[in-house]
Amino acid sequence: MKEIIKIGWQTLRKPSAYFSLGFLVIGGFIAGIIFWGGFNTALEATNTEEFCISCHEMENNVYEELKTTIHFSNRSGVRATCPDCHVPHKWTDKIARKMQASKEVWGKIFGTINTREKFLAHRKQLAQNEWRRLKANDSLECRNCHNFDYMDFTSQSSRAAKQHSTSLASGDKTCIDCHKGIAHQLPDMKGVEGWH
Amino acid sequence: MKTNTHQFIKNVFKTIMVSALFSSTVIAAQSNVATLRGDAKLDSQGNTAAIPSVLNKDIKQARNYPMQPPVIPHKTRNYEVNLNSNKCMSCHSRTRTEESQAPMVSVTHYMDRDGNFLADVSPRRYFCNQCHATQSDVKPLVENNFVDMHSLMKAKISAKK
């Protein structure tokens with residue numbers, strides 16, 4: 001056993017005698033492309049709504065609720081899907097979020113929210129995680145579709161225009177501060193800032 | 001026996017006459033009754049009117065009588081009011097109005113039925129939509145002859161002169 005390890009280690013340490021440097025560089029480059037591409041493809045596959053609602057926890061609770069909101073059906077026919085709001089579009093953020101997502105697989109295995117009752121009991125905590133994330137990234141996902149620079153206050157309701165041209169424009173507040181529960185039902189809001 | 005049969009036929013005839021009369025009045029009454037179905041046949045779908053859009057102008061409307069609950073001048077789509085949250089109160093509660101600049105709910109909402117003041121909104125006032133409604137710009141379904149007290153008094157005074 002010890003011998004095998006020793007030989008293996010020596011082979012790795014020895015400079016390559018059989019392959020040219022050029023081969024190694026090009027080979028490494030090609031392998032890199034393949035790995036990167038594979039990783040990207042895997043990411044893309046998990047970045048769809050079908051994937052999200054393949055778990056009943058996601059389909060029976062949050063998806064059903066989303067269906068009744070303006071982000072599912074509206075006059076312009078533009079839809080927001082789960083990954084639009086929940087998985088950041090920028091590369092680095094995307095990977096960080098995927099790492100966190102392995103926690104969900106863990107939750108699935110141990111059934112932390114596998115019934116409606118358990119889901120409701122956990123809901124506040126899950127929602128708070130999302131609020132914290134959106135607060136930290138200045139509501140990045142919302143802004144991927146709703147760009148402040150192109151908002152026409154004159155065609156907004158005066159309530160909206162007033163808030164958007166003050167607190168939002170000054171950077172005091174971000175979308176999620178004022179627009180909680182736009183896609184799903186809310187948990188118990190006692191103690192949440194801005195709620196009665 | 002003979003008289004009996006005679007009597008029976010007479011009775012049957014009477015019943016038919018009465019019920020015919022009765023059902024014709026029912027039919028006549030039916031077409032005058034305002035129903036959402038209108039004159040649509042039972043086995044077919046009535047014509048449905050387009051759903052009017054909700055006014056969203058944020059401009060307060062006059063109340064028709066002093067105690068009228070004010071009508072809502074904006075949309076409330078997807079606003080939840082339930083055990084977990086009360087979206088209306090996230091703007092209209094006493095502590096939220098400075099930020100929202102929305103009118104505060106009246107102090108009566110913090111009173112119980114005996115007039116005692118409570119620290120928080122009274123349970124009997126919690127469900128806002130029991131009294132307050134959004135508005136649409138539509139023709140009223142039924143005619144309304146309501147005259148408010150103010151106009152009545154004005155009419156009375158000018159009549160005296």
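As an exercise: evaluate A:GLU193 against (1) touching an Asp or Glu at 6+ places or on another chain (Cβ under 7 Å); (2) acidic (Asp, Glu); (3) in a loop (DSSP other than H, G, I, E, B) and give the number of the one condition it does not meet.
All conditions pass for A:GLU193, except number (1).
Has the range A:2-10 got at least one residue that is in the same structural domain as A:ARG132 (by TED's automatic domain parsing) and either exposed (fewer than 13 other Cβ atoms within 10 Å of the Cβ) or at pLDDT below 75 (or both)?
no
Could you check how many residues of the range A:161-196 are within 16 Å of B:ASN78 (Cβ to Cβ) and either loosely packed, with under 15 Cβ neighbours inside 10 Å or modelled with pLDDT of 95 or more (or both)?
Adding up the residues that qualify gives 13.
Filter the range B:72-98 for residues that are assigned to a helix (DSSP H, G or I), free of Cβ contacts under 8 Å to residues at least 12 places away in the same chain and within 8 Å of chain A (Cβ to nearest Cβ) and give the result.
Selection gives B:SER90, B:THR95, B:ARG96.
Looking at A:GLU104, A:GLU65, A:GLU44, can you tell me which residue is surrounded by fewer than 13 Cβ atoms within 10 Å (Cβ to Cβ), modelled with pLDDT of 70 or more and out of contact with any helix residue (DSSP H, G or I) (no Cβ under 8 Å at 6 or more places or on another chain)?
A:GLU44
Of all the residues that make up the range A:141-186, how many are in contact (Cβ under 8 Å) with a residue 24 or more places away in the chain and more than 13 Å from chain B (Cβ to nearest Cβ)?
Here the count works out to 9.
Checking A:SER158 against (1) surrounded by 14 or more Cβ atoms within 10 Å (Cβ to Cβ); (2) modelled with pLDDT of 95 or more, which test does it fail?
Only one criterion in (1) surrounded by 14 or more Cβ atoms within 10 Å (Cβ to Cβ); (2) modelled with pLDDT of 95 or more is unmet by A:SER158, namely (2).
Take the residues of the range B:77-112 that are touching a His at 6+ places or on another chain (Cβ under 9 Å) and β-branched (Val, Ile, Thr): which is surrounded by the most Cβ atoms within 10 Å (Cβ to Cβ)?
For the range B:77-112, the residue satisfying everything is B:VAL105.
The values are calculated or read from the model by the stated rules, or taken from the named source; none is laboratory data. Since the structure is predicted, the reported quantities are computational estimates derived from the model, not experimental observations. All Cβ positions, glycine included, derive from the backbone under ideal geometry; neighbour counts span all protein chains shown.
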